[in-house]
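Below you'll find the structure, written out as structure tokens, and then a few comments.
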Amino acid sequence: MSPTFTVRHATPEDESGVSELLLASYPGLMRTAYDQAVLEPALPLITRANPALLSAGTYYLAVNDDGFAVGCGGWSRERPGSSEVQPEVAHIRHFATRPEWLGRGIGRALYRRCEEDARSSGARRFECQASLNAQGFYAALGFRPVGRIDVRIGPGPMLPSVLMQRAI
Ligand SMILES: CC(C)(COP(=O)(O)OP(=O)(O)OC[C@H]1O[C@@H](n2cnc3c(N)ncnc32)[C@H](O)[C@@H]1OP(=O)(O)O)[C@@H](O)C(=O)NCCC(=O)NCCS
């Protein structure tokens, strides 16, 4: 029988667990799509759990039967990196699955929870700044690419990404 997981809200107490999960997931999986020179300066920043997301009530963890975090992801009303809020638009934030748990529906389960809650809050469209390695995942969830964007991550080079959208 394959191991199971459940989805729960994340809280500020999950900060170290989420950072550890991001660090287990992002470096290896993003290396498939980015040059070292672009990725290395970004990694220390993007593998750090975002306290604002953890306390927002709109970020979730997939945990295994022992309560160990195997996936994370959520959404916000604010556009990433700004306080701008657009009516009816919500933003997908900081999705990751542990490499040994890939392909078991964790990302999709986290997305479903985001969609249910964002829709209940009045959002009608999701936007996502998809990393190049994750574009296929978001396409499988029904997102369509709108265009290439460069995402600023601290003082290093911009991270080439794809802006994706879907109605919810
Ligand atoms: C993207 C990520 C979260 C997907 O997690 P996952 O738990 O393996 O996803 P799921 O098993 O729920 O897959 C859902 C669907 O997406 C598809 N999918 C997943 N990863 C994919 C990929 N890299 N390319 C194409 N399709 C992909 C699956 O085949 C599945 O399709 P199906 O349901 O139609 O069979 C994971 O690969 C990851 O952590 N990547 C590194 C971090 C990252 O880049 N995050 C996004 C930042 S924007």
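The values are calculated or read from the model by the stated rules, or taken from the named source; none is laboratory data. Small disclaimer: the values here were computed from a predicted structure and weren't measured. Neighbour counts are summed over all protein chains in view; Cβ atoms, including those assigned to glycine, are modelled from backbone coordinates with ideal geometry.
Yes/no per residue for (1) within 17 Å of the chain's Cα centre (by Cα); (2) surrounded by 15 or more Cβ atoms within 10 Å (Cβ to Cβ); (3) of a type outside the set (S, T, N, Q); (4) part of a helix (DSSP H, G or I):
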{"position": "P3", "(1), (2), (3), (4)": "no, no, yes, no"}
{"position": "S16", "(1), (2), (3), (4)": "yes, no, no, yes"}
{"position": "S25", "(1), (2), (3), (4)": "yes, yes, no, yes"}
{"position": "V38", "(1), (2), (3), (4)": "no, yes, yes, yes"}
{"position": "L45", "(1), (2), (3), (4)": "yes, no, yes, yes"}
I'd like the full set of residues that are farther than 16 Å from S131 by Cα and either modelled with pLDDT of 95 or more or near the ligand (Cβ under 9 Å from one of its atoms) (or both), limited to the range 87-106. E88, V89, A90, R98, P99, E100, W101, L102, G103, R104, G105, I106
Output the residue which, of all residues in the range 107-123 that are among the charged types (D, E, K, R) and surrounded by fewer than 17 Cβ atoms within 10 Å (Cβ to Cβ), is nearest to the ligand (Cβ to nearest atom). R108
